[in-house]
Amino acid sequence: MVAPDSGNYIDNVEPATGQVYSLVPESNDVDLDSAVKSAEAAKEHWANTSLEKRAEILCRLADLIDANADELAKAEAIDNGKAVSFAKDVDIYRSAANIRFFAHAGTQFSSESHAMGDLAINYTLRDPIGIVGCISPWNFPLYLFTWKIAPALACGNVVIAKPSEVTPMTAYLFSKLCIEAGLPAGVLNILHGTGPSIGGPITTHPNIKAISFTGGSATGAHITKATAGMFKKLSLELGGKNPTLVFADCDFDETVTEVVRAAFSNQGQICLCGSRIYIERAIYEKFRNAFVDKVKTLRIGDPLDESTQHGATVSQSHMEKVLSYIELAQQEGGTVLTGGKRHQVTGRCKDGFFVEPTVIEGLDNQCRTNQEEIFGPVCTLMPFDNDDAAVKLANGTQYGLAASVWTNDLKRAHRVAKQIEAGIVWINCWLLRDLRTPFGGVKSSGVGREGGLEAMRFFTEPKNVCIKY
Ligand code: TXE
């Protein structure tokens, strides 16, 4: 660990208490240059390290995450405000799974050859790019951090990685496990700090040849402009405003439960959350009532309490953003069916940033509440009359990341999945993930895909060699 060149630190606030509990280094260009120097020094050796050796180190790292899961989960819950049970079962579990998956992918990743009869043979090399940048957000701090770093390392790249300044803690704890796992110095260089002070410079540094970014669509657009003309590979996983389509023939009780989970998991702070819920008119009232009743059972409280299901939103500013959207929704004609306010928790969390899970109906599809990503525990309900109307509503925003469709009509499921403008469509499920599948969105939800071979191909450069017999 190296102190920031500037000597400056940013307060790190615990969302559940509103109190500063640690400090975040504010890195600058000097820190970036020394990180790039150490990456340059490690680049050739890591690229030439055998697949088996790279996999061995990454698997050891995954094992260390598993062995430290309780400490990492608690740190994540403190830093992000999410329920510790969710942090353990989702965030930390998946962080180890990310690394283990790509450790093995690295040993299975192959390329192609193309024979030209008795004239010539072509073979494709897929070499590491060199130094790559990985920048991740605050909603799944270690999960999304490792989701980018793992394939980059497995492909033989060296990495400059920046976690969100809002949730830096598990990246710091992870860095210690990387050393313990035997990752050679300079292979992974973690820089802490804000987007403008260090995020931006990472994206524009001439020696960093590819950027894998997850965060807001506005930031993604900014990075695209900042790197224009530099011909870098960009993978941008951005915001979402995902539709949930509930048809009358769905499995009612299971759909209610799962659609609540899709709307409010991680306090609604997942780019994949289903925040626009469209319900076939025939069951609208019945579903609305059952849905609201289920939402009211969510246990809001101290993220460190094992029984908590709904924790704090990630920061005061984000809580205020979410509350402002609830205010806006009512100005736009919406009716709050449950929630709608800052939630007062007693004890150590009395000053925490808690927002009640909120359900709103009575809005039209084109209002700002249904067009803009709120990224908090807020969802809207709206009826539809037929399949075509449902698809039109679903596709009616600038985003196109994910969707879930709840029906037992197989033909409808295939047809609607085909028609929805999104990178991911779940049928009678949500957030069911196979890491081999392509992950990402269309329209303002991003460019490129992560996951499986998509990630391995993003983090390598193909070169065709043609040899005449
Ligand atoms: O994202 P940001 P934040 C959406 C969601 C949320 C909004 C802002 O709407 O409210 O984005 O969240 C770094 N050059 N999602 O603040 O600001 C920043 O330091 C390079 C959806 O987390 O985009 C952080 O590490 N980097 C998303 C990371 O980018 C820059 C999940 C994300 O920050 C930068 C999270 C710059 N100019 C938020 N500016 C999803 N799709 O999962 C900032 N950063």
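Residue selection: ASP5 fails the criterion of being part of a helix (DSSP H, G or I) and without any contact (Cβ under 8 Å) to a residue 60 or more places away in the chain.
Flag set for PRO438, criterion: in contact with a helix residue (DSSP H, G or I) (Cβ under 6 Å, 6 or more places away or on another chain), surrounded by fewer than 21 Cβ atoms within 10 Å (Cβ to Cβ) and within 23 Å of THR219 (Cα to Cα).
Filter the range 155-198 down to residues that are part of a loop (DSSP other than H, G, I, E, B) and hydrophobic (A, V, I, L, M, F, W, C), then give me how many there are. So the answer is 6.
Listed here are the residues, each with its yes/no results for (1) touching a residue at least 24 places away in the same chain (Cβ under 8 Å); (2) crowded, with 22+ Cβ neighbours inside 10 Å; (3) assigned to a strand (DSSP E or B); (4) touching a strand residue (DSSP E or B) at 6+ places or on another chain (Cβ under 9 Å).
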| residue | (1), (2), (3), (4) |
| --- | --- |
| SER317 | no, no, no, no |
| GLN344 | no, no, no, no |
| ILE360 | yes, yes, yes, yes |
| THR369 | yes, yes, no, yes |
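Quick check: anything in the range 175-191 of a type in the set (Ser, Thr, Tyr), modelled with pLDDT of 95 or more and surrounded by 20 or more Cβ atoms within 10 Å (Cβ to Cβ)? For the range 175-191, residues of a type in the set (Ser, Thr, Tyr), modelled with pLDDT of 95 or more and surrounded by 20 or more Cβ atoms within 10 Å (Cβ to Cβ): absent.
Among the residues of the range 75-85, the ones that are part of a helix (DSSP H, G or I) and within 18 Å of PHE353 (Cα to Cα) come to 7 in all. For the range 346-355, the candidate set comprises residues that are out of contact with any strand residue (DSSP E or B) (no Cβ under 7 Å at 6 or more places or on another chain) and at pLDDT 95 or above; within that set, the residue that is nearest to LYS443 (Cα to Cα) is PHE353.
Considering PHE384, PHE375, the condition of being touching a strand residue (DSSP E or B) at 6+ places or on another chain (Cβ under 6 Å), in contact (Cβ under 8 Å) with a residue 24 or more places away in the chain and not polar (S, T, N, Q) is satisfied by PHE384 alone.
Among the residues of the range 393-402, some residue qualifies, meaning at least one is among the small types (Gly, Ala, Ser), closer than 21 Å to CYS271 by Cα, assigned to a strand (DSSP E or B) and within 16 Å of the ligand (Cβ to nearest atom). When the range 21-31 is filtered for residues that are assigned to a helix (DSSP H, G or I) and either over 11 Å from ILE202 (Cα atoms) or under 24 Å from the mean Cα position of the chain (by Cα) (or both), only VAL30 remains.
Confirm whether SER324 is free of Cβ contacts under 8 Å to residues at least 24 places away in the same chain, farther than 21 Å from PHE140 by Cβ and not β-branched (Val, Ile, Thr). Considered against the rule, which asks whether it is free of Cβ contacts under 8 Å to residues at least 24 places away in the same chain, farther than 21 Å from PHE140 by Cβ and not β-branched (Val, Ile, Thr), SER324 comes out as yes.
Residues in the range 202-213: is at least one closer than 24 Å to ILE78 by Cβ and free of Cβ contacts under 8 Å to residues at least 60 places away in the same chain?
Looking through the range 202-213, none of the residues is closer than 24 Å to ILE78 by Cβ and free of Cβ contacts under 8 Å to residues at least 60 places away in the same chain.
Residues that are more than 7 Å from the ligand (Cβ to nearest atom) and within 15 Å of the chain's Cα centre (by Cα) within the range 125-141 comprise CYS134, PHE140, PRO141, listed in sequence order.
Among the residues of the range 142-162, at least one is surrounded by fewer than 24 Cβ atoms within 10 Å (Cβ to Cβ), within 16 Å of the ligand (Cβ to nearest atom) and at pLDDT 95 or above. Condition first: near the ligand (Cβ under 10 Å from one of its atoms) and of a type outside the set (A, V, I, L, M). Can you find one or more residues in the range 171-187 that meet it? No, the range 171-187 contains no residue that is near the ligand (Cβ under 10 Å from one of its atoms) and of a type outside the set (A, V, I, L, M).
Applying the criterion of being small (Gly, Ala, Ser) and under 15 Å from ALA181 (Cα atoms) to the residues of the range 33-85, the residue that is surrounded by the fewest Cβ atoms within 10 Å (Cβ to Cβ) is ALA67. Name the pairs whose Cβ atoms lie under 7 Å apart, with the first residue in the range 252-270 and among the polar types (S, T, N, Q), the second away from the ligand (no atom under 15 Å from the Cβ) and in a helix (DSSP H, G or I), and 6 or more positions between them or separate chains? Qualifying pairs under 7 Å: THR257/LYS294; ASN266/PHE86. Restricting attention to the range 208-241 and to residues that are more than 18 Å from the chain's Cα centre (by Cα) and within 9 Å of the ligand (Cβ to nearest atom), the residue that is farthest from ASN157 (Cα to Cα) turns out to be HIS222.
The values are calculated or read from the model by the stated rules, or taken from the named source; none is laboratory data. This is a predicted model, so every value here is computed, not measured. Using ideal geometry, Cβ is built from the backbone for each residue, glycine included, and neighbour counts are taken over all protein chains shown.
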